[in-house]
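Read-outs throughout are calculated quantities, based only on the coordinates presented, and are distinct from any laboratory measurement. Computed from a predicted model, the values in this text were never measured in an experiment. Here the Cβ positions follow ideal geometry from the backbone for every residue, glycine too, while neighbour counts run over all protein chains shown.
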Amino acid sequence: MEGSVVRERFIKFFTDNKHQLYKSSGLIPDDESILFTTAGMVQMMPYLMREKEFENPRVCSVQKSFRTVDIDDIGSDGRHLTFFEMLGSWSFGDYYKKEAISLAYDLLVNHFKIDKDKLWVSIFEGFQDSELHGGNIIPRDTESEELWEDIGIPKSKIIALPFKDNFWGPPGLTGPCGPSTEIYYDNGKDKGCLKPTCKPGCSCDRFVEIWNAGVFMEYYKDENSRFSRLPYTNVDTGAGLERLTAVLQNVDSVFKTDLFIPIVDKIKSNVSSNIKNERSINIIADHVRGITFLIADGLIPSNEYRGYVLRRLLRRAMVQVIQIGGEFPFLSSVAESVILKYSNFYPELSLNKDKIMKEIDEEEIKFKNVLEKGMKKLDSMVEKLGSVKHLKGEDMFKLHDTYGLNIEIIKDILNSKNISFDETEFDNLYKIQQDKSRTNSSFTLGKNMEIELQNIQNTEFIGYQDLNLKGAKVLYVLDLGDEIQFVLDKTPFFAEGGGQKGDIGEVRGNGFSIKVKNVKKTKKGVYLHIGEYMDAHSEGKESSISEGDIVDCFVDQESRIKTSYNHSTAHLLNKALKVILGDQISQKGAYIDDHRIRFDFNFQRQLTDDEIKKIEDLINSEINKNLDVKVKEMTLKEAESLGVDLIFKGKYSTKVRVIEIGDFSMELCGGTHFGNTKDFGKFKITKQESAGKGIRRIRAELSKN
Ligand SMILES: [Zn+2]
Ligand SMILES: [Zn+2]
């Protein structure tokens with residue numbers, strides 16, 4: 001019996017039995033707090049809770065469902081899937097246990113022609129809480145037990161299971177809930193764990209749950225965890241179409257049913273015939289089916305929330321494509337086979353075919369290089385392990401941090417190669433990195449990036465004089481898919497350092513433009529530009545940046561000018577603090593960007609309102625003098641003889657830059673400064689706070705920024 005026939009017969013059976021057919025709702029719920037539609041029950045919840053009136057107390061549906069809770073099991077067994085079709089029926093206070101059980105039995109035995117001797121059922125065995133936990137007593141579901149016996153299931157095949165297996169809900173902390181009864185198909189004594197005690201509920205493959213014949217909602221759980229009788233009852237039934245079809249087609253895996261065969265065949269035909277990694281093929285088949293339905297329902301890959309789940313699914317599928325030696329583009333042709341197979345029942349697939357194919361192709365282009373590079377690196381790491389078969393957390397972190405491989409993907413590959421790994425160490429390194437980027441205090445690149453870039457020549461920075469540069473040469477590219485990192489031989493982009501943020505702007509090459517979001521530099525002096533392709537690139541219209549390319553650079557002028565004014569103002573603040581609070585004041589850190597100044601200095605107590613006002617007034621009076629900001633290059637010795645504050649001298653090379661603002665401030669500085677204070681606007685301190693023992697922090701801004 002083909003999958004499409006199973007679907008049809010299910011619908012016919014329940015509509016013949018006076019159930020109203022509900023159309024499947026989309027996979028993306030309107031409710032933003034729910035990630036995906038995970039079951040047919042989701043759209044029935046308002047009726048089950050009696051929050052909404054229903055037309056008909058009997059309904060049924062074939063519901064598109066998607067969940068990722070079992071994602072690690074997919075491919076390893078023949079049962080788990082991300083996307084699946086859920087056959088479901090409901091009674092809102094109409095019929096109850098007797099009719100639900102007889103409908104289920106009639107459907108399976110008389111309409112799907114399943115051998116009744118192969119069926120086992122489970123019922124709820126009852127439950128008693130300790131006094132401490134409310135002292136609830138929920139009795140064994142003897143009513144269902146007797147009904148099954150009456151209908152012809154021998155007592156020996158009716159198994160009582162505990163709370164965790166056969167009691168459903170409530171969906172939140174409080175709400176309706178109740179016992180359930182489930183039907184299992186016995187694959188035979190020679191299947192599964194072979195233990196004489198094997199029965200439904202065993203974790204082996206012998207018994208397959210094919211029908212949840214009913215969740216019988218009759219209790220209400222309150223906020224004190226007490227169960228009381230509901231004033232109404234509901235029946236909620238459900239079965240996965242794929243598992244039921246596998247039983248009806250007498251195969252031991254959903255991937256061997258006609259619902260998957262054309263998809264699996266397409267994957268096999270895309271690679272050379274001698275590759276037989278069944279697990280990889282099944283993962284690709286499952287994931288592409290999910291991806292196709294999700295995109296058809298309006299989701300697009302991104303780095304946030306639902307879009308990120310879709311992106312991860314695509315990347316996971318891509319990793320498996322690499323595992324079986326496939327070449328990109330790969331997945332859109334597989335999606336085409338999904339569309340072909342399912343469009344009759346789900347016309348939204350063929351209606352959105354172009355969009356589905358386009359989104360998949362674009363993601364493949366984006367992530368192809370980084371995944372291939374990362375996988376090669378992982379392979380070489382694994383090779384070096386030899387017989388040790390254990391990967392250090394540090395190496396895992398490197399694959400993640402430097403090569404952009406998702407941690408789930410790394411774990412998945414290591415698991416498939418039977419290599420153990422140190423996840424705790426990875427987590428620690430990951431946490432340190434997160435903390436660093438949160439506090440924004442570290443202007444250095446990670447250790448891995450320092451090593452990665454150590455053999456590249458230092459970047460010539462020309463950005464003190466020029467904001468644009470034509471004809472820079474690309475020396476290094478790391479394509480992380482959603483992020484591009486690259487090094488040029490020379491650049492006008494200021495790299496973050498000395499408390500000043502990195503420049504933003506644009507880099508254009510032959511057939512591509514990259515939006516530069518930040519620039520960092522190694523200790524030695526290699527500038528790493530970090531950015532992403534502009535929009536046209538994601539539409540597949542442009543080519544990519546590669547080593548050897550010649551590119552033009554454009555620093556965002558407005559952002560640079562505002563940042564420079566703020567930086568010069570930080571120098572005024574440094575001097576003003578010394579004037580008002582005393583010469584012992586020295587700078588302990590700063591962060592300056594295009595709209596704010598954060599300045600740390602040594603001081604034992606809070607500043608008074610009077611002191612704050614004096615500092616503001618002094619700085620504003622200097623700004624109002626329309627002072628030129630002058631930059632002079634000189635040797636450290638010359639600077640010393642001019643009496644420049646040399647507190648940071650260890651960090652500067654012998655040739656230094658001295659920044660003079662009128663005759664008020666003179667400071668050594670590697671930051672960008674220019675212009676005249678007449679353009680600064682009014683200075684204001686917005687906040688003062690502690691930044692550690694003996695350190696005060698001032699936050700300030702200029703009115704014109
Ligand atoms: Zn077993
Ligand atoms: Zn400075």
Seminar exercise, completed: Looking only at aspartates and glutamates whose Cα falls under 16 Å of Lys384's and that sit 8 or more positions away or on another chain, we get Glu394, Asp395
Problem set entry | Helix 609-623 vs. the chain, principal-axis angle (Cα, 0 to 90°, nearest 10) | 60
Problem set entry | Cβ-based charge dipole, the chain, positive-most Cα from Phe494, Ile114, Gly135 | Phe494
Problem set entry | Signed unit charges on C-beta, dipole axis of the range 59-117, positive-most listed residue Ser65, Ser102, Leu87 | Ser102
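In what order do Cys202, Cys60 fall by count of nearby beta-carbon atoms within 10 Å, going from fewest to most? Don't skip to the end; give the middle numbers.
Values: Cys202 15, Cys60 21.
Neighbour counts put them in this order, fewest first: Cys202, Cys60.
If exposed GluC sites (Glu not before Pro) are those in a DSSP loop with at most 10 other Cβ within 10 Å, what is the longest stretch of the chain that has none? Could the numbers behind the result be given before it?
On the way: sites that count: Glu32, Glu51, Glu53, Glu55, Glu223, Glu304, Glu327, Glu539.
Answer from the scan: 328-538.
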For this session: Put one equal scatterer on each alpha carbon of the range 261-436, apply the Debye formula with no solvent term, and list log10 I(q)/I(0) at q = 0.11, 0.16 1/Å to two decimals.
Result: -0.51, -0.97
For this session: May I have the extent of the alpha carbons of the range 268-355 along their three principal axes, as whole Å values ordered from largest to smallest?
Result: 36, 32, 19
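Give the residue list of trypsin sites (Lys or Arg not before Pro) in the range 168-206 that are DSSP loop and have at most 14 other beta-carbon atoms within 10 angstrom.
Details: sites: Lys189, Lys191, Arg206; in loops: Lys189, Lys191, Arg206.
Taking the range 168-206 and a limit of 14 other Cβ atoms within 10 Å, the loop trypsin sites (Lys or Arg not before Pro) found are Lys189.
Where Lys and Arg each count +1 and Asp and Glu each count -1, what net charge lies around Val321 among other residues with Cβ under 11 Å from its Cβ? If you can, show how the numbers build up before the last one.
On the way: positive: Arg315, Arg316, Lys368; negative: Glu327, Glu364, Glu372.
So the environment of Val321 carries a net charge of 0.
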Seminar exercise, completed: Taking the convex hull of the alpha-carbon atoms of the range 457-555 and averaging its shadow over every direction gives an area in square nanometres of 5.8
Exercise. For the residue pair Lys98 and Ile419, what label-to-label distance in nm results when each label sits 7 Å from Cα along the Cα-to-beta-carbon direction?
Worked result: 6.4
For this session: Express the C-alpha Rg of the range 3-256 as a ratio against the empirical globular expectation 2.2 N^0.38 Å, rounded to two decimals.
Result: 0.99
Exercise. In nm, to one decimal, how far is the Met49 label point from the Glu558 one, both placed 7 Å along Cα→Cβ?
Worked result: 4.6
Exercise. Once label points are set 7 Å from the Cα along Cα→Cβ at both Lys613 and Ile695, what is their separation, rounded to one decimal in nm?
Worked result: 3.1
Exercise. With no solvent and one point per C-alpha, what does the Debye sum give as log10 I(q)/I(0) for the range 560-702 at q = 0.10, 0.15, 0.22 Å⁻¹?
Worked result: -0.31, -0.73, -1.51
Exercise. Helix 423-439: angle to the longest alpha-carbon principal axis of the chain, degrees 0 to 90, nearest 10?
Worked result: 50
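What number do you get for the range 53-101 when its Cα radius of gyration is normalised by 2.2 N^0.38 Å, N = residues? Let's see the in-between values first.
Values: Rg = 15.5 Å, N = 49, 2.2 N^0.38 = 9.7 Å.
Output field value: 1.60.
Filter the trypsin sites (Lys or Arg not before Pro) in the range 1-68 down to the DSSP loop ones having no more than 16 other Cβ atoms within 10 Å, then list what survives. Let's see the in-between values first.
Working: sites: Arg7, Arg9, Lys12, Lys18, Lys23, Arg50, Lys52, Arg58, Lys64, Arg67; in loops: Lys18, Lys23, Arg50, Lys52, Arg67.
In loop regions of the range 1-68 (DSSP not H, G, I, E or B), the sparsely surrounded trypsin sites (Lys or Arg not before Pro) are Lys18, Lys23, Arg50, Lys52.
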Exercise. Size of the dipole of the range 216-296 about the Cα centre, Lys and Arg at +1 and Asp and Glu at -1 on the beta carbon, nothing else charged, in debye to 20?
Worked result: 240
Exercise. Between Tyr308 and Lys113, what FRET efficiency comes out of the Förster formula 1/(1 + (r/R0)^6) with R0 = 45 Å and r the beta carbon distance, rounded to 0.05?
Worked result: 0.55
Problem set entry | the chain: angle of helix 305-323 to the longest principal axis, Cα-based, in degrees nearest 10 | 80
Seminar exercise, completed: Whole-Å distance linking the alpha carbon centroid of the range 4-26 with that of the range 354-419 is 43
Exercise. Classify the range 658-705: rounded, prolate or oblate, from the alpha-carbon gyration tensor (a ≥ b ≥ c, eigenvalue square roots; a/c under 1.5 rounded; otherwise prolate if a/b is larger than b/c)?
Worked result: oblate
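Are any of the pairs Lys195/Lys256; Lys517/Lys687; Lys377/Lys417 more than 21 Å apart by Cα-Cα distance, and if so, which?
Working: Lys195/Lys256 27 Å; Lys517/Lys687 28 Å; Lys377/Lys417 15 Å.
Beyond 21 Å between Cα atoms: Lys195/Lys256; Lys517/Lys687.
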Exercise. Under 23 Å from the Cα of Lys97, which lysines turn up, not counting those fewer than eight places away in the same chain?
Worked result: Lys12, Lys18, Lys113, Lys116, Lys118, Lys155, Lys157, Lys164, Lys221
For this session: Subtract the Cα-Cα distance of Glu383 and Asp150 from 0.36 nm times their separation in residues, and report this length gain in nm to one decimal.
Result: 77.6 nm
Exercise. Among Lys373/Lys411; Lys52/Lys341; Lys64/Lys353, which pairs are too far apart, with a Cα-Cα distance over 27 Å?
Worked result: Lys52/Lys341
Seminar exercise, completed: One point scatterer per Cα, no solvent, Debye formula: log10 I(q)/I(0) for the chain at q = 0.07, 0.08, 0.10, 0.12 Å⁻¹ comes out as -0.68, -0.81, -1.03, -1.24
For this session: Mind checking which aspartates and glutamates have their Cα closer than 16 Å to the Cα of Lys470? Skip sequence neighbours fewer than 8 apart in that chain.
Result: Glu460, Asp489, Glu506, Asp549, Asp552, Asp556
